Protein chains: 2
Amino acid sequence: MTEFFDRHRPMLEAAVEALRARGFWTPFPEVPSGKFYGESAREEGEAAFAAMQGRPFDLPGHPESRRLGAEASPFGPVPGITYPAADVPALIAAAQAAAPALAAATPEARVGVCMEILTRLNRISFLLGHATMHTTGQAFAMAFQAGGPHAQDRGLEAVAMAWDEMTRFARQAVWEKPQGKAAPIVMEKHWTLVPAGVALTIGCNTFPTWNSYPGIFASLATGNPVIVKPHPAAILPLALTVRIAREVLAEAGLPADAVLLAVDAPGAEITKDLATDPAVRLIDYTGSTAFGGWLRANARQAQVFTEEAGVNTVTIAATDDFAGMCANLAFSLSLYSGQMCTAPQNLYIPEGGIETDQGHKSFDDVAQGIAGAIDALLADPARAAGICGAIANPATQARVAAARAMGRVIRDSAPVGEGRTASPLLLAVDAGDPAAEAECFGPVAFLVATKDADAGIALAAGLAARKGAITAALHDTDEARIARAVAAFARAGVNLSINLTGNIFVNQSAAFSDFHVTGANPAGNASLTDTAFVATRFRRAMWRRPAAA
Amino acid sequence: MTEFFDRHRPMLEAAVEALRARGFWTPFPEVPSGKFYGESAREEGEAAFAAMQGRPFDLPGHPESRRLGAEASPFGPVPGITYPAADVPALIAAAQAAAPALAAATPEARVGVCMEILTRLNRISFLLGHATMHTTGQAFAMAFQAGGPHAQDRGLEAVAMAWDEMTRFARQAVWEKPQGKAAPIVMEKHWTLVPAGVALTIGCNTFPTWNSYPGIFASLATGNPVIVKPHPAAILPLALTVRIAREVLAEAGLPADAVLLAVDAPGAEITKDLATDPAVRLIDYTGSTAFGGWLRANARQAQVFTEEAGVNTVTIAATDDFAGMCANLAFSLSLYSGQMCTAPQNLYIPEGGIETDQGHKSFDDVAQGIAGAIDALLADPARAAGICGAIANPATQARVAAARAMGRVIRDSAPVGEGRTASPLLLAVDAGDPAAEAECFGPVAFLVATKDADAGIALAAGLAARKGAITAALHDTDEARIARAVAAFARAGVNLSINLTGNIFVNQSAAFSDFHVTGANPAGNASLTDTAFVATRFRRAMWRRPAAA
């Protein structure tokens, strides 16, 4: 069954080439427009989402012993959807039963299935946008992109990387060893790809699809059945994904149970039981460092790929576009209320101020410049709601309230739009303040006064190496200092963005170009999607015999 | 400093192409002949080895707090060489001091250095042969090959794989994102390779260079300083390697301490202290499953790449060349007295016998056929010594003695040649006998009576999956059953050789073609050399900024 593969082969080849070249590329338009998705797509997505609310979610043939589901939208309306739930042994058994057929399928068959799944997911991007919005708190425009096309990009990236790796070496070869004057020894050799075992993907609350697709598709493409364990507060986007995956698998003559949904209830999570099952050999995890550490310590039978927490920084050394810098940082701090793993938290500013195109700016001038830019950005309530979205987890809102006492308030947090919301809280602290030494997840930023710009670079890079960081940013005009910063942040294993202004933000990680998370500091041990992310998900076993004469 | 790279580029490109195509290829002749190595090479190697005995080994500039060394040749003469030894903190500090310059070197510079090291090692292959012979007990012909050119092949394979992976993606890119009717966003992006940290290679007694070179060269090429920890009984081959590596590094303007020798004394090993040092982030280990498990449990700060123990099998179902099969197995069982990680241990034979070109053969006929072929192979004492070599570890000889009680003796073990020697012991046991369920390292083979051939395949594949195996062999004439065996052994993650006769043996693993150890069963978690073996030894950190207009 390689019809899907043949259909999608041009897209696959373009994706592989994009991975090599690392320029801009995507097959999935990020603009939520009828021009790309069909004139009725917007209405159909809304209608489909509305029709799902308050009803049981249908997942034909899926193991089911009961119904679970208690998602509540951060914006207020309650989805009220229930999902089929099964206990851990039933899920493991179903995955294991699907494994042999999936392993026996050719790379072409599996990659074709993965690409067909992604293509069908793309078609329901509006529905995925609503599902993502009402589970994560992202405003719709962002939920459409991050839950739809951008997540699909990340999935396709993993599929392309897996394909490239599965086909990197010859599948068969004739090995002919000279024997001096005697006849050569001639052997035929064949390699079988051996999948690692059952894969588990543990989703997060804030980016249920974007952060889960790389693991799901890397494992599935390389022949491992995948159990998808959503965060109990963000099930729907992954349930929709699992449903389409199962449909496509069945159409390809492969077991639908090669992709399973593991729904649990808050307070009765089954994650630990799943993760430590001996059959589970691959785990992809996005979430807290504490649980990441638990997985590494306890799920020792599995390879564990993680994206954990860190402290992202901006070092402000100088700028030739003060207004542009402040506006750019305002957006980065406001977008989804700081709930992106790529959002900056600590801003290092020299205590003596910086040089700018508007002349010298003191520490407080810079702080007020950023605060003012946030105020301007969020002045229009509708626009503010469209940028900040809502707060996914009530604990985050409580953290914002508690953080007010942690420094000098430069800009206070305030509600923005409907539901559980909070605009950025800006606090000024001194270098070395312990408040700025740990992740404070949510719309809280620390403006840290440093001796000078080089001290800021050292603090930011040192913190990334010690506590982890997914992004770092720098504003500077001194090329020699920029070169020092490039070296320091590379040593700390963190991706650095320099002098961003305009419509490009440090929060943004572009599929096929940026390696998201480096794997080289405590913010995660894996990178989406490099070779290491796919290469150990399968092995090669050879058989060889004398070649027929 | 890319002179070395330019010089060796054609060899590098040929090696990368060989890895893809997986046919026969090597730049290092395996025949110990003056034709390839120079007319005086043999004598020079002997003289150099003789001159080293009883003297301190010179390693200029190496950390040294005392001298250690107590190697004793399994053949009798005692090398009596002492080596510079340093304590763990001094070795770690030296490695860390070398790390920044090694990390800052280009991939070209590091790969050039690695290839120059290998080329110079090739030139001293006769000396390496003697050094290997008198530390491992391999007969000279084998010691020359396995300690010299074959080990160099394995090192080059790792370098080529590392090079291919380091250059797999663009090192810089222009990323241009369309913005509808507005001007596109144009970013320049650059990636820095970030090495993992200090690397530790833990050598074994039987193949000090062959098993250590992949890890040493994979780590060094990707920018990680390497501490080489030889087995206390097999230091010299790795000391020679470290000396050449340090010379080449210095000539290239890189720190000699990027490769260090960690010598210790039997009973006072420093391996655990080295392996658990927080600076050590990569460990390559060859040895027992017990210590492999200890490393995985305790050296949790490091990535651990292992080749451990397993039980290799031969399943005998049928043959159309009974004499050729018996002769081939006789050689595989006798070579280096079963001390190869690829040597077969369990031979599964149907209790009702097999069909052959010589008619039906009973279980005992097959057993006697193999025993007789061993006797014939080893009839000439000089030839026998040249095949069996000596026993590296006295414990192995004790194990052979104890094994006699574990089954019905088909062929007894006996001394062969000078020194600590033992020819193969063949024992008949029933299927399910616990004696044949674990590794019995050395010249001991169990002939296991099975219900039929398919039962033999099931037992052999099941044991590989449970206990690990590096090789499996099958003799059969039934293509349908061969296909079943291919599938069964692939599921068990073990490489399978079918119907070997003549001058090709299941023990042989060919660089650039065979992936040695699959990583897919308990015999090891890594494969020499696949992508996974190199891909996590470094990471990529990006810096990006708006492209200059």
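If I filter segment A:8-19 for residues that are over 22 Å from A:Leu128 (Cα atoms), crowded, with 16+ Cβ neighbours inside 10 Å and either assigned by TED's automatic domain parsing to the domain that holds A:Glu247 or among the aromatic types (Phe, Trp, Tyr) (or both), do I get at least one hit? There is no residue in segment A:8-19 that is over 22 Å from A:Leu128 (Cα atoms), crowded, with 16+ Cβ neighbours inside 10 Å and either assigned by TED's automatic domain parsing to the domain that holds A:Glu247 or among the aromatic types (Phe, Trp, Tyr) (or both).
Listed conditions (1) within 30 Å of B:Trp191 (Cα to Cα); (2) in contact (Cβ under 8 Å) with a residue 24 or more places away in the chain are all met by B:Tyr37, apart from (1). Only one of the numbered conditions (1) under 19 Å from A:Phe5 (Cα atoms); (2) among the polar types (S, T, N, Q); (3) within 14 Å of another protein chain (Cβ to nearest Cβ) is violated by A:Ser219, and that is (3).
Of the listed requirements (1) open to solvent by 10 Å² or more (accessible area, probe 1.4 Å); (2) within 22 Å of B:Pro184 (Cα to Cα); (3) more than 10 Å from every other protein chain (Cβ to nearest Cβ), A:Thr501 misses just one: (3).
Note on segment B:231-254: among residues that are β-branched (Val, Ile, Thr) and in a helix (DSSP H, G or I), the one that is farthest from the chain's Cα centre (by Cα) is B:Val248.
Across segment A:205-215, a minimum of one residue is classified as touching a strand residue (DSSP E or B) at 6+ places or on another chain (Cβ under 6 Å), modelled with pLDDT of 95 or more and not small (Gly, Ala, Ser).
Every residue, every condition in (1) more than 7 Å from chain A (Cβ to nearest Cβ); (2) under 30 Å from B:Ala21 (Cα atoms); (3) open to solvent by 40 Å² or more (accessible area, probe 1.4 Å), yes or no:
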site	(1), (2), (3)
B:Ala173	no, yes, no
B:Met187	no, no, no
B:Val198	yes, no, no
B:Asn205	yes, no, no
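Out of A:Pro89, A:Pro84, A:Pro74, one residue alone is part of a loop (DSSP other than H, G, I, E, B) and either surrounded by fewer than 18 Cβ atoms within 10 Å (Cβ to Cβ) or not small (Gly, Ala, Ser) (or both). It is A:Pro74.
Among all residues of segment A:67-77, there is at least one that is closer than 27 Å to A:Ala422 by Cα and in contact with a strand residue (DSSP E or B) (Cβ under 9 Å, 6 or more places away or on another chain).
Assuming B:Pro63 fulfils every condition listed in (1) part of a loop (DSSP other than H, G, I, E, B); (2) within 14 Å of chain A (Cβ to nearest Cβ) apart from one, which condition is it? Against the list (1) part of a loop (DSSP other than H, G, I, E, B); (2) within 14 Å of chain A (Cβ to nearest Cβ), B:Pro63 comes up short only on (2). Among all positions in segment A:330-349, there is at least one residue which is over 22 Å from the mean Cα position of the chain (by Cα) and either β-branched (Val, Ile, Thr) or within 14 Å of chain B (Cβ to nearest Cβ) (or both). Could you tell me which residue of segment B:461-472 is farthest from the other protein chains (Cβ to nearest Cβ), considering only residues that are touching a helix residue (DSSP H, G or I) at 6+ places or on another chain (Cβ under 8 Å) and not basic (Lys, Arg)? By that ranking, first place goes to B:Leu463. Reported count of residues in segment B:26-40, each being closer than 21 Å to B:Trp210 by Cα and either open to solvent by less than 60 Å² (accessible area, probe 1.4 Å) or basic (Lys, Arg) (or both), is 8.
Would you call B:Ala379 free of Cβ contacts under 8 Å to residues at least 60 places away in the same chain, open to solvent by 50 Å² or more (accessible area, probe 1.4 Å) and either farther than 24 Å from A:Arg545 by Cα or not in a helix (DSSP H, G or I) (or both)? Yes: the conditions hold for B:Ala379.
Pairing each residue of segment A:354-374 that is assigned to a helix (DSSP H, G or I) with any residue that is open to solvent by 40 Å² or more (accessible area, probe 1.4 Å) and at pLDDT 95 or above, provided the two are 6+ apart or on different chains, yields C-beta distances under 7 Å for A:Phe363/A:Glu351; A:Ala373/A:Ala327. Exactly one residue out of A:Ala50, A:Ala105, A:Ala98 is open to solvent by less than 10 Å² (accessible area, probe 1.4 Å) and either of a type in the set (Gly, Ala, Ser) or touching a Ser or Thr at 6+ places or on another chain (Cβ under 6 Å) (or both), and it is A:Ala98.
Of the listed requirements (1) among the aromatic types (Phe, Trp, Tyr); (2) within 14 Å of chain B (Cβ to nearest Cβ); (3) in a loop (DSSP other than H, G, I, E, B), A:Phe36 misses just one: (3).
Return yes when B:Ala258 is under 18 Å from the mean Cα position of the chain (by Cα), aliphatic (A, V, I, L, M) and surrounded by 22 or more Cβ atoms within 10 Å (Cβ to Cβ) and no when it is not. No.
Could you please let me know if A:Ala480 is in a helix (DSSP H, G or I), at the interface with another protein chain (Cβ under 7 Å from one of its Cβ atoms) and at pLDDT 95 or above? No, not satisfied. The set of residues from segment B:145-171 being at the interface with chain A (Cβ under 8 Å from one of its Cβ atoms) and in contact (Cβ under 8 Å) with a residue 40 or more places away in the chain comprises B:Glu165, B:Phe169. Any residue at all in segment B:298-312 that is modelled with pLDDT of 95 or more and part of a helix (DSSP H, G or I)? The answer is yes; a qualifying residue exists. Only residues that are at the interface with another protein chain (Cβ under 8 Å from one of its Cβ atoms) and open to solvent by less than 10 Å² (accessible area, probe 1.4 Å) were counted in segment A:505-517, giving 3.
When you check A:Asp273 against the structure, is it in the same structural domain as A:Arg484 (by TED's automatic domain parsing) and surrounded by fewer than 20 Cβ atoms within 10 Å (Cβ to Cβ), yes or no? So A:Asp273 fails the test.
Among the conditions (1) in contact with a His (Cβ under 9 Å, 6 or more places away or on another chain); (2) under 23 Å from B:Asn393 (Cα atoms); (3) part of a loop (DSSP other than H, G, I, E, B); (4) modelled with pLDDT of 95 or more, the only one that B:Gln138 does not satisfy is (1). A count restricted to segment B:17-29 and to residues that are within 11 Å of another protein chain (Cβ to nearest Cβ) and either in a loop (DSSP other than H, G, I, E, B) or of a type in the set (A, V, I, L, M) (or both) stands at 9. May I ask you to list pairs of residues, at least six apart or on different chains, whose Cβ atoms are under 6 Å apart, with the first in segment B:57-85 being assigned by TED's automatic domain parsing to the domain that holds B:Leu236 and the second being among the basic types (Lys, Arg) and assigned to a loop (DSSP other than H, G, I, E, B)? Filtered contacts from segment B:57-85: B:Pro74/B:Arg420. A count restricted to segment B:518-549 and to residues that are part of a strand (DSSP E or B) and facing chain A (nearest Cβ under 8 Å) stands at 8. When A:Ala431, A:Ala460 are checked against the criterion of being over 30 Å from A:Ala131 (Cβ atoms) and crowded, with 22+ Cβ neighbours inside 10 Å, a single residue qualifies: A:Ala460.
The values are calculated or read from the model by the stated rules, or taken from the named source; none is laboratory data. Bear in mind that the values here come from a model prediction, so they are computed numbers and not experimental data. FYI the Cβ positions are ideal-geometry reconstructions off the backbone, even for glycines, and counts take in every protein chain you see. Accessible surface is based on the protein model in full, side chains and every heavy atom, while ligands, DNA and RNA are left aside. Shrake-Rupley method; radii C 1.70, N 1.55, O 1.52, S 1.80 Å.
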